[in-house]
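Chemist: Attaching a single structure in structure tokens format; questions to follow.
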Amino acid sequence: MSTISTVSKLAGRKPTAWRAIMIKEWKSSAIWMLTGLILVTAGMTATLYWGDYHSLTAYWESVTRSLMLGAPLVAVLIGALQIVPERRRDLWAFVMHRPASKAMLFGGKAIAGLSFYAAATVIPLLGAAAWAAIPGNVDGPFDWGLTLGGFGAILFGCPFYFAVMFITLRPARWYGSAILPIVAPIALAWFNSAALFTEWWQAVSVSLIAGTTYAMAAYGLFQGDNSQERTPKISRFAAGVVLLGCIIILTMPVSMQSNSNGYDGSQWIETGNSQQYLISNTGELLRKTTTEGKPDVFEAIADSQGRLIKRAPVSRISSGIQLQSIMEAPFRSYIDPYTSSERYAARVGVAPSHTFGQQNWYLDRTRGQFLAYSRKSRRLVGILGPNGYYQADQSGPTSLEARAGHFTPGNDTPGTVGTGGIIVLGGSKLYLVSIADQQVRLLDAGIDAGDVSQVINLSQPSTAGAGIKTDTRSAAVPAFLLASSENVHIFSSDGRRLLTVHRQLSRKQYPTVSMAVTSSPLRVLSLYETAPSTQSKPSRYIVIDDRGRHLNNIEVPAQHSSDLVEVPQKQHRIHLEGLAVPMAYPVFVLILALLFMPHGLSSADVTMVLNRSHLFFSEILVSALICGILGYLIARRCALPKRSCKAWAIGTFFLGLPGIALMLAYRGWPVRVPCPSCKRKRPIAQEFCEHCGEPFPAPRMDGTEIFGDSDSLQTEFDSGNSGLMMPVKEVTR
Amino acid sequence: MQSDYVIETHRLTKYYGRRCVVDSVDLAVPKGSVFGFLGRNGAGKSTTIRMLLGLVTPTRGTATVLGHNCADLSPEVRGRIGYMAEGHHVHEWMSIKEAGDFQSAFFAHWNNEVYHGVLDYFGLKDSAKVKDLSRGERAGLCLGLTLAPEPELLILDDPALGLDPVARRSLLQSMIYVTRAADRTILFSSHVLADVERIVDHVAVLDRSVLRAQCSLDTFRDRIRQYVLTFPGTPPEVPKIPGLLHGFRSDAEMIVTLANPNPETNLILARLHPETIQETPLGLEDAFIDYMGERRERSFFMRAGDGTEAAV
């Protein structure tokens, strides 16, 4: 009867168990992969269609945002549909009862599921990239870095996949508890979309850690089938981390709400005097004193040459120029997060736009070149590099890119200066780039560009450009300055270095330096201040002329910023904010301060915590005690060993209400039934009663039970010893 | 020391919430036996089977299968246990060939002759899709998938569920032929008592989560007796007899079905002073039905003098 040829064919190419699992998963879930692919593609297309899909920034923003929503949805779809249809009891039995380890079965599902998820999300992203790379489609350059935002969104979908597996495998009694594990992936995806991860490696790390934790938790449920004993310890730990993390994320907005700066019951206000130095329009150093409830008082401290003058009150001034903090420890200017298209193709603002008409300019950080794109054709029309500007239609033996040259790629930190002039830092060279004129000028080669940390436009009224008087006769009008940690270089608008000023006093004694620059005559006004903790020590005010000579170096009183003090509100409110804060919070802050903060326990965060009202801390303590007791009682109800009860009590003491929620989500509410012996309630999972020590009794017998095999009954009848008074007729068949 | 039992449970209990669905079951399935696991719907048979296979975690108690703790069955042990669940679930998108390829990939030993023998018996073709099969054909496929690895222990949970008589007979016959191998043990739950009678040699009966019987088929048959007592007039109330399964009174007779009758039982019956007491032979099916049915007394009187007609 059997088909021999079929049998031999089967025997000849018998698949391995792994391959069998993968093929089965692929075949059963391929339809969902296709569905996800269509959904993501459709969503992305619709988003692009309804936006401006020819604009570089808008294009990539639409692609990234559609994936930020679509990727989690696809992950949830695939994760759920890999488990839910098979969870019907006997199909699950068909899946699980076979000579294969649970790790293999789970791994097969996960590999197949993740590969489907990747296909459903990466293919549309690559399609979007391919379309953008075609010249004429998008009005800007293409760089593979532009896809990182999309890949980041895809990465953050992975925790959703395992979270849904965790949800579908976990038998939770309450709907809230059942859906709880999805909270953390939502929060992480939001963090990513809000550009809180500035670097790609941060996004990869966080998503990998989250995904791995959820995967371990889901595997534990798969392996243990809701039995704590059968669940690997690492998976139990992962499940606890998942649940606790989600609970904290949910409760944090509640508990932190009342912990924000407006503490319920008190308020932080500025009190006392504060002082601030300003430069007047005539170059004098003025000191403004602010007292609450009184008008500001202005005193002239030094003249325009830095000479101390008798403090003379001046009439209220309408405006003054604040000194710009300068020569800070080297810092990088703001770098766009990896999700932003500006990171890879920074749109260069050019003004006035009518000068250029129909061109968009970008700084391609990867190539280190400025690229001009036609708004009409969306094609590259020219490249501006250190060698100058070259039009795209200019033919030649060397490529356009090579002819224009490269500023140092990837390391450029342009600062916008003046009207369309841009400083480009290229290795050890500085260039003044004028988009408007399509010209590049090499600036003073003696400055190490790698050292420059600030580029300040002196034409802005709020920055160090006090009292600029335009003198058209002089080409020595300071236009911008470049600052490093030890030097400040002042340049004219045509790129000539006018003056270099070195740090005058040691950083250790005077860590903070503020500066203003005046023109006609060119003067540099510097205020050197001591550390905040030594504010009683006077500051030094130094004025330097256009030849770098000290005009004056005087001592001036230190300026104080206003103190913040907590003032109790005279309102009759019930102070409840402390009840929501776990004991772990102040402990965590203290430990963090001791280990990581430079000022240790003097850190502002610690001060803020310790300056809270006593009522606040009392509430925390009361709440912690109540939660600790509750935790102990719940553990006793679960009939846990005494050691576990104590551990849960300590845990809930520190974690507070989130700890109680974790306990209920993790362990569930134990079922107890009355003990048949002592009538007190006892857990059903324990054989012996915790009160009377009696085991659960055997089921009551009613005399109809038939156990064992015996012929004794038949023998009695046969011998006639039944003792019956009436004849018994045994009816034979 | 190797046990004579392939399945042993000790106070095996399962709760769903507060509801006890399996209560302190002590099961012992002898090696080499064909063991019928009987009970009404909702008695707890399937739950017990799932606990034996480690698919459901017991609330209390222990169970061992082939000497291994059910909670920790290794892949090797699972390879020695064949399980056919009620409902005959296989992925519907699979073809018969794909189902065979999938299942065979996991087993070191796969008897293609057995597999295809069963398929041929049910007239199944490799290219057919599972979703297009009738219930009987699907049962045949599942049986083939279960028998082909030639497991030491077969656990069949209501394998004939939903099958018509012809398909049921085919299934049963194929089971009989294949399971004739020595030392193969079968645990087989069913509602079709005629099938049970044909092939099992031991039975266990689960009644509302409690194990009420566990013995050989002959012993079971032997321990259930039915007596017909005739009376000149209205029969008296059915007395309280140990082991009474149910009693029925009509106009002139009383029929009592008893488990474990003994001389004391006969004495009690004799004290009712019937005209005659006759023992009526019970078929196994009737014995099972009476054993597993409601344990109560019923009456049905036709005579007008009683003025009542009780529902049976």
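Chemist: Please list log₁₀ I(q)/I(0) at q = 0.29 Å⁻¹ for the range B:131-190, using the Debye equation with identical point scatterers on the alpha-carbon positions.
Modeler: Result of the Debye calculation: -1.39.
Chemist: Skipping prolines and chain starts, which residues have an amide H placed within reach, meaning under 5 Å, of the one on residue B:21, given they are 5 or more residues away or on another chain?
Modeler: So residue B:21 has HN proximity to B:14, B:15, B:16.
Chemist: Expressed as a whole percent, how much of the Cα-Cα distance distribution for the range B:183-233 exceeds 18 Å?
Modeler: 44
Chemist: Between residue A:292 and residue A:508, 0.36 nm times their residue separation minus their Cα-Cα distance comes to what?
Modeler: Gain in length upon complete extension: 74.4 nm.
Chemist: First obtain the Kirkwood hydrodynamic radius of the range B:192-294 from its Cα pairs, then insert it into the Stokes-Einstein equation at 37 °C and 0.692 mPa s, and state the resulting D in µm² per second as a whole number.
Modeler: For these conditions, the coefficient is 226 µm²/s.
Chemist: With bins 10 Å wide starting at 0, give me the P(r) of the range A:617-713 over every alpha carbon pair, in whole percents.
Modeler: Reading the bins upward from 0: 15, 32, 23, 14, 8, 5, 3, 1.
Chemist: Where does the range B:101-151 land on Rg(C-alpha)/(2.2 N^0.38 Å)?
Modeler: Ratio of Cα Rg to 2.2 N^0.38 Å: 1.07.
Chemist: Rg and Dmax in Å for the range A:48-103, alpha carbons only: what are they?
Modeler: 19.8, 57
Chemist: Collect residues whose amide H, placed 1.01 Å from N in the peptide plane, falls under 5 Å from the amide H of residue B:280; neighbours closer than 5 in sequence don't count.
Modeler: Here B:226, B:227, B:228 satisfy the definition.
Chemist: How large is ³J(HN,Hα) for each residue in the range A:23-33, as worked out from phi by the Karplus curve 6.51 cos²θ - 1.76 cosθ + 1.60 (θ = phi - 60°), to whole Hz, x for Gly and Pro?
Modeler: Values, residue by residue: 4, 5, 5, 4, 5, 6, 10, 4, 4, 6, 5 Hz.
Chemist: Something else about it: Testing the spin-label approximation: label points 7 Å from Cα along Cα→Cβ at residue B:164 and residue A:208. State their distance in nm.
Modeler: Each label point is offset 7 Å from its Cα along the Cβ direction, giving 6.1 nm.
Chemist: Hey, what's the per residue convex hull volume over the C-alpha atoms of chain B, in cubic angstrom?
Modeler: Per residue, the Cα convex hull of chain B comes to 167 Å³.
Chemist: Between residue B:177 and residue B:218, take the C-beta separation as r, use R0 = 25 Å, and let me know the FRET efficiency to the nearest 0.05.
Modeler: 0.60
Chemist: How far apart, in nanometres, would the label points at residue A:402 and residue A:144 be if each is projected 7 angstrom from Cα along the Cα-to-Cβ direction?
Modeler: For the pair residue A:402/residue A:144, the computed spacing is 2.2 nm.
Chemist: Roughly how many Å² of residue A:347 are accessible to a 1.4 Å probe, to the nearest 10?
Modeler: Approximately 100 Å² of residue A:347 is accessible to the 1.4 Å probe.
Chemist: Further, regarding this structure: Based on the inverse mean of 1/r over its pairs of different Cα atoms, what is the Kirkwood hydrodynamic radius of the range B:1-125, in Å?
Modeler: With all distinct Cα pairs of the range B:1-125 included, I get 16.6 Å.
Chemist: Shifting gears a bit: Of B:45/B:240; A:642/B:45; A:646/A:681; A:102/A:681; A:233/B:45; A:109/B:31, which pairs sit farther than 25 Å apart, going by alpha carbon to alpha carbon?
Modeler: Cα-Cα > 25 Å for B:45/B:240; A:642/B:45; A:102/A:681; A:233/B:45; A:109/B:31; rest within.
Chemist: To check my understanding: the extent here is largest minus smallest coordinate of the Cα atoms along each principal axis. What are those three numbers for the range A:123-172, in Å, largest first?
Modeler: Here the Cα extents, ordered largest to smallest, are 54, 15, 12 Å.
Chemist: Applying 1/(1 + (r/R0)^6) with R0 = 56 Å to the Cβ-Cβ distance of residue A:497 and residue A:69, what FRET efficiency is obtained, to the nearest 0.05?
Modeler: Approximately 0.65, to the nearest 0.05.
Chemist: Just how many % of Cα pairs in the range A:1-160 lie over 26 Å apart, if you round to the nearest whole percent?
Modeler: 43
Chemist: Give the long-range amide H neighbours of residue B:83: residues separated by 5 or more places, or on another chain, with amide H under 5 Å away, using H modelled in the peptide plane at 1.01 Å from N.
Modeler: Those lying under 5 Å, H to H, from residue B:83 are B:155.
Chemist: Applying 1/(1 + (r/R0)^6) with R0 = 25 Å to the Cβ-Cβ distance of residue A:680 and residue A:229, what FRET efficiency is obtained, to the nearest 0.05?
Modeler: 0.45
Chemist: For the range B:37-98, how big is Rg over Rh, using alpha carbon atoms and the Kirkwood form of Rh?
Modeler: 1.03
The values are calculated or read from the model by the stated rules, or taken from the named source; none is laboratory data. Keep in mind that this is a model prediction, so the values were computed, not measured. Virtual Cβ from ideal backbone geometry, glycine too; neighbours counted across all protein chains shown. For accessibility, only protein heavy atoms count, side chains too; no ligands or nucleic acids. Shrake-Rupley method; radii C 1.70, N 1.55, O 1.52, S 1.80 Å.
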